[in-house]
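Below you'll find the structure, written out as structure tokens, and then a few comments.
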Ligand SMILES: [Zn+2]
């Protein structure tokens, strides 16, 4: 994957942005066509199944068996002795492999599917430019709304494309990764967080829409995610029909007015509106439409297009999970109905309050420690990390000048909002409980966030002066 093209997940001080670029593999006539697509690299892989075989021959290098799913892992770093990335000889190898296993275990534990997936981890990049990581899956050229080969194999128990893995992943180890399970440094992207983001694309949270509305894969081939993408005004579907066609307008693609209409995403998001889909005013290949509307998802989510360094999001938020159910992962545990939810929700918030260490809130932190009975101990761990969301807020400002890729202004704006998202990350605690909030809870949280942001701004201004 050429890095000059790449824009996967980008980093600025404190901010990493997921972007993408198009890259067409060579090839001309394809009798039977399958196409791999990896959003964050915006990499399109055209392959002729009669000629190419993508999967390495022989046994996998490793296997993860967890909650009904067997992941066969092929590490090309190992097979080709690259001495970087996931290679056992690389300083990063053991931890990188361990984190990837944990990511797969987490995925298996939530989606509750049974079956096998072949996973190819490509030779790692080391240039530290362009995307942080990118993963994809394969589609055929048969018109329709497709699941992608990863989901297809899990749901149908049949390998969709012989000789081809279902999941492929590339990581650029040139970045300053945080490869452990604690709290990443301020300038470090969190490996677990990014791997989960990438795996989620491969599971099917992926748009095949190009900047013209046509499919990047083949005519009239769109994803299950695309099927639910609507213009918020009127909840007008952008892709409709048999076979599906782009029925939206070009302005929809860059109009910042898209949403995801899936009912589970709506319910689990729990804020009384359809979660927004990323459609920035400048089309971002591989990023637009394949993500949530970064900065406008209350509580944040794994599938926003931004990854903020120094923070973690190692579990799906309710809206991510809702979308997965809408895509077809219907064995995911049903949403719990209210009850303890509220309490836990609070527990979570405070947990963060504490970590943020910003004075007043900590007091609460203490209480929450207790509120946390519900096994929120774990979440709180996360709370800590989110606490750093604060810094991100600041990070954003610092990074502003430095935003690498176009859209500087906008990104920053969003980055800032993300800061909020992180602040709200409290919701994470709840996400795990799959609770939807009651309105007063939301308002309370929003108030807290507002106060917190206000304090942050004041503090930042004061620091600058002094
Ligand atoms: Zn992405």
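The values are calculated or read from the model by the stated rules, or taken from the named source; none is laboratory data. These numbers were taken from a predicted model, which means no experiment stands behind them. All Cβ positions, glycine included, derive from the backbone under ideal geometry; neighbour counts span all protein chains shown.
Tally up the residues in region 261-276 that are within 19 Å of residue 327 (Cβ to Cβ) and in contact (Cβ under 8 Å) with a residue 60 or more places away in the chain, please.
Start the filter on region 261-276 by keeping residues that are within 19 Å of residue 327 (Cβ to Cβ), which leaves 261-270, 274-276.
Within this subset, residues satisfying the condition of being in contact (Cβ under 8 Å) with a residue 60 or more places away in the chain are 262-265, 267-270.
Qualifying residue count for the region: 8.
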Open item on the list: Quick check on region 194-215. Is at least one of its residues in contact (Cβ under 8 Å) with a residue 40 or more places away in the chain, in the same structural domain as residue 316 (by TED's automatic domain parsing), away from the ligand (no atom under 16 Å from the Cβ) and farther than 26 Å from residue 256 by Cβ?
Closed with: no
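Among 266, 251, which is the only one that is more than 16 Å from the ligand (Cβ to nearest atom), surrounded by fewer than 16 Cβ atoms within 10 Å (Cβ to Cβ), over 25 Å from residue 46 (Cα atoms) and modelled with pLDDT of 95 or more?
On the way: 266 fails: surrounded by fewer than 16 Cβ atoms within 10 Å (Cβ to Cβ).
Testing whether each residue is more than 16 Å from the ligand (Cβ to nearest atom), surrounded by fewer than 16 Cβ atoms within 10 Å (Cβ to Cβ), over 25 Å from residue 46 (Cα atoms) and modelled with pLDDT of 95 or more leaves just 251.
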Task: So residue 171, is it part of a strand (DSSP E or B), over 17 Å from residue 139 (Cβ atoms) and within 16 Å of the ligand (Cβ to nearest atom) - done: yes
Task: Selection count where residues are surrounded by fewer than 20 Cβ atoms within 10 Å (Cβ to Cβ) and either within 22 Å of residue 40 (Cα to Cα) or in contact with a strand residue (DSSP E or B) (Cβ under 7 Å, 6 or more places away or on another chain) (or both), scope region 146-174 - done: 2
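Could you check region 269-278 and list, in sequence order, the residues that are touching a strand residue (DSSP E or B) at 6+ places or on another chain (Cβ under 7 Å) and surrounded by fewer than 24 Cβ atoms within 10 Å (Cβ to Cβ)?
At the first step, the residues of region 269-278 found to be touching a strand residue (DSSP E or B) at 6+ places or on another chain (Cβ under 7 Å) are 274-278.
Answer for region 269-278, where residues must be touching a strand residue (DSSP E or B) at 6+ places or on another chain (Cβ under 7 Å) and surrounded by fewer than 24 Cβ atoms within 10 Å (Cβ to Cβ): 274, 276.
Is it fair to say residue 107 is modelled with pLDDT of 95 or more, in contact with a helix residue (DSSP H, G or I) (Cβ under 6 Å, 6 or more places away or on another chain) and under 30 Å from residue 332 (Cα atoms)? Talk me through it step by step, then tell me what you get.
Working: modelled with pLDDT of 95 or more: yes; in contact with a helix residue (DSSP H, G or I) (Cβ under 6 Å, 6 or more places away or on another chain): yes; under 30 Å from residue 332 (Cα atoms): yes.
Yes: the conditions hold for residue 107.
Could you tell me whether region 181-191 includes any residue that is in a helix (DSSP H, G or I), in contact with a helix residue (DSSP H, G or I) (Cβ under 6 Å, 6 or more places away or on another chain) and surrounded by 24 or more Cβ atoms within 10 Å (Cβ to Cβ)?
Applying the first criterion (in a helix (DSSP H, G or I)) to region 181-191 yields 191.
After this cut, where a residue has to be in contact with a helix residue (DSSP H, G or I) (Cβ under 6 Å, 6 or more places away or on another chain) as well, the list is 191.
Right, trim to surrounded by 24 or more Cβ atoms within 10 Å (Cβ to Cβ) and you get 191.
Checked against the condition, which is being in a helix (DSSP H, G or I), in contact with a helix residue (DSSP H, G or I) (Cβ under 6 Å, 6 or more places away or on another chain) and surrounded by 24 or more Cβ atoms within 10 Å (Cβ to Cβ), region 181-191 yields at least one hit.
In this structure, does residue 323 turn out to be farther than 30 Å from residue 176 by Cα and within 15 Å of the ligand (Cβ to nearest atom)? Spell out how you get there, then give the answer.
On the way: farther than 30 Å from residue 176 by Cα: yes; within 15 Å of the ligand (Cβ to nearest atom): yes.
For residue 323, the condition - farther than 30 Å from residue 176 by Cα and within 15 Å of the ligand (Cβ to nearest atom) - is met.
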- [ ] Please indicate, with yes or no, whether at least one residue in region 7-25 is within 27 Å of residue 285 (Cα to Cα), within 16 Å of the ligand (Cβ to nearest atom), at pLDDT 75 or above and assigned to a loop (DSSP other than H, G, I, E, B).
- [x] no
Open item on the list: Just to confirm my filter: which strands (runs of 3 or more DSSP E) fall fully inside region 39-142 and include at least 2 residues that are within 16 Å of the ligand (Cβ to nearest atom)?
Closed with: 43-48, 133-140
